[in-house]
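Chemist: Below is the structure I would like to discuss, written out as structure tokens.
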Amino acid sequence: FKTQIAKNSSKMFAAMIAMACICLSIFRVCDSFYAMNAQRTIENRSVCMNSSLKSEDPTRRDFIQTTGTAIGGVCLATIASPSQVEAVKIDAWEQVTLPVATTLYDIAFDTAEPSHGFVVGSKGTFLETKDSGKNWSPRSFSNLDAEEEINYRFEKVSFVDGEAFIIGKPPILLHSKDRGESWERVPLSPKLPGEPSNIVALGGGKAEMTTSTGAIYYSSNAGLNWKAQVKETIDATLNRISSSGVSGASYFTGSIIGTLRDKSGAYLAVSSRGNFYLTWEPGQDFWIPHNRGTSRRIQNMGFVEGDSKKGLWMTLNGGVMQMTPQSETDNLSTTTDPTFKPVSIKTGGYGIIDAGWKDESEVWAVGGGGNLWYSKDGGRNFKYNSFSQKVPGNLYTIKFFSGDMGFVLGSDGVLLRYIPGKTLNA
């Protein structure tokens, strides 16, 4: 038995030596191949990389690095932008130089003085313009210390008839009644369900505020007192109606991704998990949950032209966008789920984060990678806009105001200003 083991061991050792010899031969052949093609590789590198590097004795490392770089260049050129073949060259936007490089969340202009507006963002960002957004200057709040202010993320601003409101995180509410010359901090109750998620100034000290749990409050004295507009929060409503048939609604303990208010006072909200959405209209006691009607998660939703009566739009993971016919949203107070129809838009997989209607025909959508898409038929068909190749950041919010004013807000201090007339003949 021991003799047999010794014989087997000898055979295995011989096989290992043979394998090593074969590997050494292959290595020498590859080495010769690298040496023969090194000069050709350097020439190719000058074409692919515009490099002036020359070498009389190139090594295998040169061959591998240059070959990898050439391949990488081809790959990057292939995925440079979504729908590049169908790109529309419209310089309808210009980037505004800002004194900050933070993420911008919201923008608002005074309805009484349309050239006067504010931008808010992360790290205490608070900017002001008095020339319709062409130039912006930093502002600060006198009732907040500089070290304290930078810790706030101001997320929403509303400006009506010289009166402005700002909310942020950690929970804070600021109010101005003199066109932003001075600001007062409005105390928030520690019993407030959730954190403030949206604020809408209605003029004359009136305002509406929503929270991350779906509470809606109304104030007629600049936020000193608030009156609840719904009888219970969203999670209470969904858990009470556990047999509602809404996917993901039963035993709901999450929050909502902000809230959006239309001209009539109707609200729209998306669950934080993106698995369903909710609607509310003035006079209703509770939010009404709705199925999303697709297996994809909801990324964002909004009102067509800012009016619930004209329809809803929805963006889904994977760069998908859908809209409802106008007749489907005539009455959102019912539990019937509106029918969404797909929109023709090629995104290359980039997510669509927001959409804005300039008018009933011209629509813009923005998303990750600084991408912009444009529609001239009310949002039924979109084309990719090549201007987005110049944008160094993600785009999060798009808003249009009266007088052909429009702005796109993004990361790293990116602010795009709309140029009227550039899209008329596109």
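Listed here are the residues, each with its yes/no results for (1) under 23 Å from Gly410 (Cα atoms); (2) of a type in the set (Ser, Thr, Tyr); (3) open to solvent by less than 10 Å² (accessible area, probe 1.4 Å); (4) under 20 Å from the mean Cα position of the chain (by Cα).
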residue: Leu104; (1), (2), (3), (4): yes, no, yes, yes
residue: Asp110; (1), (2), (3), (4): yes, no, yes, no
residue: Val160; (1), (2), (3), (4): no, no, no, no
residue: Pro171; (1), (2), (3), (4): yes, no, no, no
residue: His175; (1), (2), (3), (4): no, no, yes, no
residue: Leu188; (1), (2), (3), (4): no, no, no, no
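Chemist: Mind checking which residues of region 136-154 are over 19 Å from Glu184 (Cα atoms) and surrounded by 14 or more Cβ atoms within 10 Å (Cβ to Cβ)?
Modeler: Correct list: Trp136 only.
Chemist: Residues that are modelled with pLDDT under 95, under 21 Å from Asp404 (Cβ atoms) and in contact with a helix residue (DSSP H, G or I) (Cβ under 8 Å, 6 or more places away or on another chain): which strands (runs of 3 or more DSSP E) entirely in region 102-199 hold 1 or more of them?
Modeler: Of the strands (runs of 3 or more DSSP E) lying wholly inside region 102-199, none has at least 1 residues that are modelled with pLDDT under 95, under 21 Å from Asp404 (Cβ atoms) and in contact with a helix residue (DSSP H, G or I) (Cβ under 8 Å, 6 or more places away or on another chain).
Chemist: Also, I was wondering about something else. Just checking, which of Phe286, Phe303 is within 27 Å of Ser375 (Cα to Cα) and either under 18 Å from the mean Cα position of the chain (by Cα) or open to solvent by 20 Å² or more (accessible area, probe 1.4 Å) (or both)?
Modeler: On inspection, the qualifying residue turns out to be Phe303.
Chemist: For region 254-272, give me each residue that is in a strand (DSSP E or B), open to solvent by 10 Å² or more (accessible area, probe 1.4 Å) and not aliphatic (A, V, I, L, M).
Modeler: If the condition is that a residue be in a strand (DSSP E or B), open to solvent by 10 Å² or more (accessible area, probe 1.4 Å) and not aliphatic (A, V, I, L, M), then Arg261 is the only one that fits.
Chemist: Further question: Working only within region 148-189, note down all residues that are of a type outside the set (Phe, Trp, Tyr) and under 13 Å from Thr125 (Cα atoms).
Modeler: Matches in region 148-189: Glu148, Glu149, Ile150, Asn151, Arg153, Glu155, Lys156, Val157, Ile166, Ile167, Gly168, Lys169.
Chemist: Please specify each residue of region 381-391 satisfying the condition of being touching a Ser or Thr at 6+ places or on another chain (Cβ under 9 Å) and not polar (S, T, N, Q).
Modeler: Phe382, Lys383, Tyr384
Chemist: Every residue in region 156-179 that is free of Cβ contacts under 8 Å to residues at least 60 places away in the same chain and on the phi > 0 side of the Ramachandran plot, please.
Modeler: Asp161, Gly162, listed by residue number.
Chemist: Restrict the check to region 326-342 and report whether at least one residue is closer than 30 Å to Glu113 by Cα and either without any contact (Cβ under 8 Å) to a residue 24 or more places away in the chain or open to solvent by 20 Å² or more (accessible area, probe 1.4 Å) (or both).
Modeler: no
The values are calculated or read from the model by the stated rules, or taken from the named source; none is laboratory data. Source: prediction; values computed, not measured. Here the Cβ is made from the backbone with ideal geometry for all residues, glycine too, and neighbour counts use every protein chain on show. With ligands, DNA and RNA removed, areas are computed over all heavy atoms of the protein, side chains included. Shrake-Rupley method; radii C 1.70, N 1.55, O 1.52, S 1.80 Å.
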